[in-house]
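Chemist: Structure below; questions to follow.
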């Protein structure tokens, strides 16, 4: 497939405006500024684009909610707080193709009537910050940003805000609170950000990759775009593959490519030609799949039917040598560390699961521990304020569901150890 | 209409409310922890999860609104299980030290765990450790008990507006901490204590001294500190108040208190309380019996009255005494002693300001309910910082500001710096020029309504002051003043909040006229700040030299006659002397005897040295008080009276709301102290006028007969709820009486100090109130020492750091105080409080009385500052 999102990626100067323009950049912006804002929103709606942050909400629908709100000013936020373990798909866009993001945001801002945009950037991406700021300067100098974009009388101002390392700030309302200078914690919804977001004004928050798709939609039109990949959620998709594959990395593939194809065709199969044991298909919070369940199309609509979720498209591959109980513990430690503390089940329950897993791994597990783990996970699932707690519970539930024997082995060993 | 079904009960609702509220209306209880009725929803504890048909997940009933056709179940197996799970989670890191925790017995978590929770937890690992913090004198923090409900943080930030505390850290390591780290250094309202559902934030004052179930009685009464009159409940055990808590649903404060109300009640049990009558013998105050004291007083007063006439006797009433006390006191002066020389500190600013406005707008013009402030569409404040003078009123302003109601402040108000839309901080003595410019601008912008043509004529005669002239005088850019006029002109029914400094000024008359004009132009409602609990009561009870009970002018013969007939005596026609005139009269030998009920004139009136000298030249001084204060030490007879918590009566607050003050404890009564009115009645009897009152109710019944304004009132009316102006009575209806209003000259509006100088003004600290609070060990532990507030810029120029000793000198004297640097203060001012023995601002203020308002003139007192070098002081010391 022809690359779009990463099309200039092999050029070492791809982040530079000159190179971007040379490769056809900012043409979509010029085209969009000739269109009516409502037509752009219509085009995005018709394209079938779904948000690439993980939830897969139809972008055009989100936009039309914000566009319908009469409050002014409106804000456009880019969620670049890419913090989930295994997920690094936005990083090449931010570091190698920043102008694609900027172009996408200017078009979006124009479509929504938003004059101000912020890129909420993961605190641990210092290189991306410098690159983005350089790109913003260039774009400003050349009139792609500012009070009068391309002389069309459209204003759009964009700046970068660096996060401080909290995973929860990738949740859009926590991101907004953090941007406002508050403690980053999710807000009660409704009101939704499209009506009362940043500074209580209508706000659209989209993922980096989502914005990066916008110029393409404008460029080739909704019809052509909607024919790429899966019919239900079309478009190119970035998959970040890590773990025991021969060629880990970020791959741009059409939506709906199977997990097997990603691992065995694009990534060259399992490193050392060992046996595959398990795959986490969409970032650490998505349910783990055993080796025999990887013939699933990787898109938002299909994955739930196959027992998992597309999430951010971050594929983590584990071969036969991996102790999955330890993986489960590591993931749970992450969720405990990142629990914002707002709601009871996530704040207290995830730490409890971690302590049970820890004693199992340490060889101090007891007979009832698996049941207790499942019980705690059940008490968290569906009862937390935001999806972070659900994710933590789901990780434990699915590791036990598919690999219960490994947990039992650990506990069995502890019994032997104890009696010896 | 919205139809919602909860647990099978059908409910019809007009407006969407939360499921929690709807359930409450249906009589269905849903347990909660992070929810609190006066805080915005949070949705964190997850205890209120309910099941909604057709919704897959359980939903928090505190955050979700009902929709038409919604079917909710609150006690299904799924809900009950979730609730149990949440309680089990909460107890993972909650110290189970209930047997030791003060909260046990009134702890929400304990109650809920008993009712819904699992009997045993399954968490086997260790709980988090967090040492209890005793860094603060008032508040103990035990973060092992914190359940991260954030009620305290939301209270502090969103209601109190202090933003002193925050959640710190993430995950189960989350806890609450003040930004200062150790001590809270906050406003100490203690409203966080009210909302903490567990024992995480608790008062240190009664730590480990009692358990909630030891409380023997709860008495609903009214705070004794300021003119707001917050409702509160005194919890009593063994005849002592163990704790004061607000009443959530009742009163105008709706569950909020300030530091003084919540923590300052302990002055009533101070060991310094007077216990027996004292009579001066051989120059010394010596213990005496009540009958000795009564006989001595009666004999002396009789002598003086016979020899010099009633007009040689003056009385000073008290804004801390009840209406009943004050009513009896003025009756004693007028009927028994034949003197109209009765006044109080309410005569300094509150009464003259009210009279000025009432003459123009009619009686009752300042009787506006407090909650109107947060509901108004604009606020203008001048003359004092409401957040320190009347903290709960101040919260109304902050609440309005949070709702983006424009707030304009004229003068430096530290508590509103972050809340004012526009702050006008003029150079000293130039606020009048700014006010005049605002009025000038508003006349241009707002058409006159024609409602009061006579007053409109006066407004028309006020000399116009240009923005440029105001800028030149005040140092505030013309654009800013003009901008404020623009903001003000957009208001349709604003609240105008006026403090004492506007009145106690050399330009007091001008300020009042300009404020009246502003009120008229903006269709505003006036709120007069009042530092003391019963200033309004003093006015309404007739404790003024020219006013009879019910606000009836003494000058009107028919009123005089009516009262005279009621008491079968003749009320003297000549108006009496004001408080300041009485003191001058004492100095001049015109006044021979002074009867002081609950007022510390030797401290609370400017130029302490002058006042003491004047008092010392009197032939006879009687002081009734609960403490042997500066004034009592000069008296010939001192009589111990009952404190606020020991007697029945009523206060009238600054909204003119009548409220019932209830006896909570016997207290000093058991050592023989009496109500102020009882002492007066006894002396009256000995002077031949029987006052037959067996309790405060008898006095109220008489007031209800004598004062047309208070016609038919009873304590039952006050207890029944909001008892607001004009009660059941007859307010005084009269036409605009503008005869006395002088039109100021342009020169007086534009007056500006000839040379640049430093001026000393009155600081009103949040933590103290006149001299009562200095007997509260709790308030002293928050603020043990007075200070001088000065601008940071000035301090830097003089190399003064926070806490350095500074001498403030004026022609009247010198006080030495530690410095408090304020970045927002104007440079030409320093402020000194008047709350601490020997170091009050009135020591350095001169004796100046305004000829028209009879108020003390407290501005324009030039001062010099000197940094005290410790080394030199040591050498010389």
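Coordinate-derived values only; no laboratory data. All values reported here derive from a predicted model rather than from experimental measurement. Virtual Cβ from ideal backbone geometry, glycine too; neighbours counted across all protein chains shown.
Chemist: For q values of 0.10, 0.12, 0.20 Å⁻¹, compute log₁₀ I(q)/I(0) with the Debye formula on a Cα-only model of region A:163-280, without solvent.
Modeler: Log10 I(q)/I(0), no solvent term: -0.50, -0.68, -1.02.
Chemist: Starting from 0.36 nm per residue, how many nanometres of slack lie between residue B:402 and residue B:291 once their C-alpha separation is accounted for?
Modeler: The residue B:402-residue B:291 span can extend by a further 34.1 nm.
Chemist: What is the extension gain from residue B:169 to residue B:556, computed as 0.36 nm multiplied by their sequence separation minus the C-alpha to C-alpha distance, in nm to one decimal?
Modeler: Length gained between residue B:169 and residue B:556: 132.3 nm.
Chemist: Which percent of Cα-Cα pairs in region B:328-379 sits in each 5 Å bin, short to long?
Modeler: 5, 16, 14, 15, 20, 14, 6, 5, 4, 2
Chemist: Let me ask another. Using a 7 Å offset from the Cα along the Cα-to-Cβ direction at both residue A:337 and residue B:743, what is the distance between the two label points in nm, to one decimal?
Modeler: 7.9
Chemist: Still on this model: When only C-alpha pairs under 8 Å and at least 6 residues apart count, what is the relative contact order of chain A, in percent? The partial results should precede the final answer.
Modeler: Numbers: 852 pairs, mean separation 63.6, N = 420.
Here the relative contact order equals 15 percent.
Chemist: What angle do you read, to the nearest 10 degrees and between 0 and 90, between the alpha-carbon axis of helix B:676-686 and the longest principal axis of chain B?
Modeler: Helix B:676-686 sits roughly 30 degrees off the main axis of chain B.
Chemist: Please pull out the direction-averaged projected area of region B:61-110, using the convex hull of its alpha-carbon atoms, in nm² to one decimal place.
Modeler: Reported value for the Cα convex hull: 5.0 nm².
Chemist: In peptide A:181-188, how many Cβ atoms from other protein chains are near each Cβ within 10 Å, on average?
Modeler: Mean partner shielding for this stretch: 3.
Chemist: Further, regarding this structure: Would you mind computing the Rg to Rh ratio of the protein assembly as shown from its alpha-carbon coordinates, Kirkwood style for Rh? List each step's numbers first, then the result.
Modeler: Numbers: Rg = 37.0 Å, Rh = 35.2 Å.
We get a ratio of 1.05 for the protein assembly as shown.
Chemist: With only alpha-carbon atoms in the gyration tensor, what are the semi-axes of the equivalent ellipsoid for region B:276-340, in Å, largest first?
Modeler: So the equivalent ellipsoid measures 22, 18, 10 Å along its semi-axes.
Chemist: Compute the FRET efficiency between residue B:125 and residue A:323 as 1/(1 + (r/R0)^6), taking r as their Cβ-Cβ distance and R0 = 30 Å, and round to the nearest 0.05.
Modeler: 0.85
Chemist: Dividing the alpha-carbon Rg of region A:236-319 by 2.2 N^0.38 Å yields what?
Modeler: Numbers: Rg = 11.0 Å, N = 84, 2.2 N^0.38 = 11.8 Å.
My calculation over the Cα atoms of region A:236-319 gives 0.93.
Chemist: Compute the FRET efficiency between residue B:75 and residue B:220 as 1/(1 + (r/R0)^6), taking r as their Cβ-Cβ distance and R0 = 41 Å, and round to the nearest 0.05.
Modeler: Details: r = 35 Å, r/R0 = 0.84.
In this case the efficiency is close to 0.75.
Chemist: Still on this structure, I have one more. Take the Cα atoms of region A:50-100, find their three principal axes, and give me the spread along each one in whole Å, biggest first.
Modeler: 38, 23, 16
Chemist: Can you give the translational diffusion coefficient of region A:206-269 in µm²/s, computed by Stokes-Einstein from the Kirkwood radius over Cα pairs at 37 °C and 0.692 mPa s?
Modeler: Answer from the Stokes-Einstein relation: 258 µm²/s.
Chemist: Taking only the alpha-carbon positions of region A:95-248 and ignoring solvent, what does the Debye formula give for the base-10 log of I(q)/I(0) at q = 0.10, 0.15 Å⁻¹?
Modeler: Taking Cα atoms of region A:95-248 as identical point scatterers yields -0.42, -0.94.
Chemist: Right, something else. Across the residues of B:90-98, average count of Cβ atoms on other protein chains within 10 Å?
Modeler: Whole-number average of other-chain Cβ neighbours for B:90-98 is 2.
Chemist: Can you give me the convex hull volume of the Cα atoms of region B:2-75, divided per residue and expressed in Å³?
Modeler: Hull volume normalised by residue count: 81 Å³.
Chemist: Nearest 10 degrees is fine. How inclined is helix B:77-92 to the longest principal axis of chain B, computing both from alpha carbons?
Modeler: So the inclination is approximately 70 degrees.
Chemist: What do you get for Rg/Rh over chain A if you use C-alpha atoms and the Kirkwood form of Rh?
Modeler: Taking Rh as the inverse mean 1/r over Cα pairs, Rg/Rh reads 1.00.
Chemist: Here's something else I'd like to know. Return, ordered by residue number, the residues of region B:799-816 whose backbone nitrogen is under 13 Å from a label point located 7 Å along Cα→Cβ of residue B:869.
Modeler: Those under the cut-off are none; the list is empty.
Chemist: So for region A:29-168, what percent of the C-alpha to C-alpha distances run longer than 23 Å?
Modeler: The share of Cα pairs beyond 23 Å in region A:29-168 comes to 35 percent.
Chemist: Next question, about the same structure. How tilted is helix A:59-68 with respect to the longest principal axis of chain A? Cα atoms for both, answer in degrees (0 to 90, nearest 10).
Modeler: Its long axis makes an angle of about 50 degrees.
Chemist: Which three semi-axes in whole Å describe the equivalent ellipsoid of region B:645-698, each the square root of 5 times a Cα gyration tensor eigenvalue, listed largest first?
Modeler: So the equivalent ellipsoid measures 23, 17, 8 Å along its semi-axes.
Chemist: Quick one: Debye curve from the alpha-carbon atoms of region B:567-617 only, equal weights, vacuum; give me log10 I(q)/I(0) at q = 0.28 Å⁻¹ to two decimals.
Modeler: -1.14
Chemist: In square nanometres and to one decimal, what's the mean projected area of the convex hull around the Cα atoms of region B:353-528? All intermediate terms of the calculation are to be shown ahead of the outcome.
Modeler: Numbers: hull surface 35.4 nm².
Result: 8.8 nm².
Chemist: Moving to a separate point now. Can you divide the C-alpha Rg of region A:324-419 by 2.2 N^0.38 Å and report the result to two decimal places?
Modeler: Values: Rg = 12.8 Å, N = 96, 2.2 N^0.38 = 12.5 Å.
That ratio works out to 1.03.
Chemist: What's the Cα-based Rg to Rh of chain B, Rh via Kirkwood?
Modeler: Checking Rg against Rh, the ratio lands at 0.99.
Chemist: Once a ≥ b ≥ c are taken as the square roots of the eigenvalues of the Cα gyration tensor of region B:755-876, is the result rounded (a/c under 1.5), prolate (a/b larger than b/c) or oblate (a/b not larger than b/c)? Spell out each step's value before the answer.
Modeler: Numbers: a/c = 1.57, a/b = 1.10, b/c = 1.42.
Since a/c reaches 1.5 but b/c is at least a/b, the shape of region B:755-876 is classed as oblate.
Chemist: What does the convex hull of the Cα atoms come to per residue for region B:105-232, in Å³?
Modeler: Once divided by residue count, the hull of region B:105-232 is 153 Å³.
Chemist: Over all directions, what mean area does the Cα convex hull of region B:141-189 project, stated in square nanometres?
Modeler: Details: hull surface 13.3 nm².
Across all orientations, region B:141-189 yields a mean hull projection of 3.3 nm².
Chemist: Calculate, for residue A:65 and residue A:152, the FRET efficiency according to 1/(1 + (r/R0)^6) with r their C-beta to C-beta distance and R0 25 Å; round to the nearest 0.05.
Modeler: On the way: r = 25 Å, r/R0 = 1.02.
With R0 = 25 Å, the Cβ-Cβ based efficiency is 0.50.
Chemist: Another question about this same structure. Report, in whole Å, the centroid distance computed from the Cα atoms of region B:218-251 and region A:365-390.
Modeler: Taking the Cα centre of each part, region B:218-251 and region A:365-390 sit 46 Å apart.
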